[in-house]
1. Relative to the present Cα-Cα distance, how much length would full extension add between Asp386 and Asp362 at 0.36 nm per residue of separation?
2. Counting Lys and Arg as +1 and Asp and Glu as -1, each charge on the Cβ, what is the dipole of region 88-308 about the Cα centre in debye, to the nearest 20?
3. Beta carbons within 10 angstrom, averaged per residue: use that to sort the peptides 218-226, 339-347, 273-281, highest first.
4. How would region 1-153 be classified by its alpha-carbon gyration tensor: rounded, prolate or oblate, with rounded meaning a/c under 1.5 and the a/b versus b/c comparison settling the rest?
5. What's the ranking of 180-193, 388-401, 10-23, 117-130 by average number of surrounding C-beta atoms within 10 Å, highest first?
6. Over what distance in Å are the Cα centres of region 178-217 and region 71-87 separated?
7. About its Cα centre, what dipole magnitude does the chain give when the only charges are +1 on Lys and Arg Cβ and -1 on Asp and Glu Cβ, stated in debye to the nearest 20?
8. Which of rounded, prolate, oblate describes region 94-180, given a ≥ b ≥ c as roots of the alpha-carbon gyration tensor eigenvalues and a/c under 1.5 marking rounded, otherwise prolate only if a/b is larger than b/c?
Amino acid sequence: MSDGIDRYVSEAAKAGEQRAELRKRVKSWKFDTIAVHGMYSLDEALTGGHGGVIEPIVLSTSQVFRDSDEMEAALSYRIPAWTYSRIHNPTIHYLEETLALLESYGADADASALCTSSGMSAIKQAVEPLVARLPGDSNPINFVSSAQVYGGSFQLFNVRMPERGVEPRWVAAPAEADAWEKQIDENTRFLYAEMPSNPQQGCFDVAELASLAHRHGIPLIVDSTIATPALLRPIEFGADIVVHSLTKTIGGSGSSVGGAIIARHGLVSRHLTDEQKGNYAMWLKLLPFRDSGPCLSPFSAYLFLCELKTLRTRVERLSRSAQKVAEFLARHPKVEKVDYLGLESHPMHQLAAKYMRLVDADEPMFGHLLSFNVKGTWEETRAVFDRLQLVVRATDLGRIKSVATIPAISTHQQQGDEGRKLANIPPNMVRLCVGGEATEDIIADLAQALAG
């Protein structure tokens with residue numbers, strides 16, 4: 001190592017110590033303060049941010065270096081640098097830091113984040129190293145997942161993974177710990193579940209499932225897209241990895257597509273190396289992610305950062321409105337069934353209330369997503385759906401606009417009849433994501449659609 005490289009390494013070490021002190025201070029803040037400021041400090045605003053109040057958008061593809069020593073030190077990972085936007089970028093860095101701090105809020109653990117171009121790319125990046133075949137290992141590989149997952153996740157697990165010789169094992173009732181235990185063996189690599197699930201409102205005991213996974217030396221991965229860290233932080237209850245489609249609830253305006261992986265430091269896995277387990281998200285970023293290139297746009301990262309600043313307030317507003325809408329639908333004579341965890345009649349209500357609580361308020365709250373089954377045929381369900389005038393017909397969710405879809409013909413169509421039956425997706429189910437409109441107007445639109 002040349003004297004010049006030594007100098008850059010020494011400078012980076014000092015900067016790292018200062019950043020660790022800043023992170024320690026930021027972690028002492030309340031949730032909303034972290035969401036608003038993240039790691040974009042006053043010092044950074046006055047230096048790298050050119051005095052900007054909000055995190056800067058760095059749209060350049062690559063980084064300029066002062067000399068060959070700094071370039072070599074950066075590209076050999078001896079000093080932190082963003083180098084090239086396929087690997088890293090300053091704007092994305094601020095988003096990743098904020099997400100990691102929010103997801104580990106209140107937990108006795110540190111975490112790091114990796115942002116990706118979509119929620120599906122986040123899931124794929126998170127699970128692929130866990131099912132990689134080790135040299136000399138010819139044993140079969142499997143993982144266990146709740147069957148109540150997003151249709152794209154089901155397709156990835158049920159079609160793409162077997163193409164690689166990896167067996168998915170499905171749990172139809174994720175709240176039943178015994179159902180998971182029966183599926184695990186010495187070749188199981190991880191457990192995977194959504195909390196709550198889209199669209200069935202599936203629920204499980206996070207701490208219990210994490211404990212089960214750890215007894216078998218494997219990690220628990222939780223898709224917490226619907227809840228967001230404003231309502232649930234799975235790492236606090238022992239989960240190892242959290243994945244998000246940032247496109248959804250966090251990106252409420254619906255202007256960008258993105259995903260995120262947040263992994264606790266020192267996650268549990270008998271199949272990964274110590275380096276991989278130590279900081280899984282960073283290891284992914286510097287190696288597999290670098291090589292496959294599913295990077296997030298810096299502009300999208302900026303938009304997600306702006307959305308995060310009001311996350312708690314927005315989620316609270318949508319949750320309260322969704323509760324009223326669910327109660328209206330539950331009383332309606334043309335509705336056969338309503339799945340919303342906030343309804344006391346829901347079989348998972350008490351379990352959900354244990355985990356889904358508005359951060360820093362400790363009040364049970366259940367998010368914006370619900371589903372209802374129309375009392376009637378598939379054709380009658382489509383007729384109700386087609387009569388909606390305010391609620392938008394789309395496959396999206398988590399919007400500031402209310403959005404509805406029929407999962408059997410859209411988000412879960414690719415699963416086929418057998419897969420939808422396993423996941424409890426009947427043809428008369430309508431998924432509704434309650435938005436920020438006046439609750440009275442949402443209810444009025446549903447009422448006229450159901451009236452015919």
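Laboratory data are not the source of any read-out in this text; all were calculated from the coordinates shown. Quantities reported herein were computed from a predicted structural model and do not represent experimental measurements. No Cβ is skipped: glycine too gets one built from the backbone with ideal geometry, and neighbour counts run over all protein chains shown.
1. 4.8 nm
2. 480
3. 218-226, 339-347, 273-281
4. It is oblate, given that a/c is not under 1.5 and a/b is not larger than b/c.
5. Packing order, densest peptide first, comes out as 117-130, 180-193, 388-401, 10-23.
6. So the two Cα centres are separated by 37 Å.
7. 760
8. Here region 94-180 falls in the prolate category.
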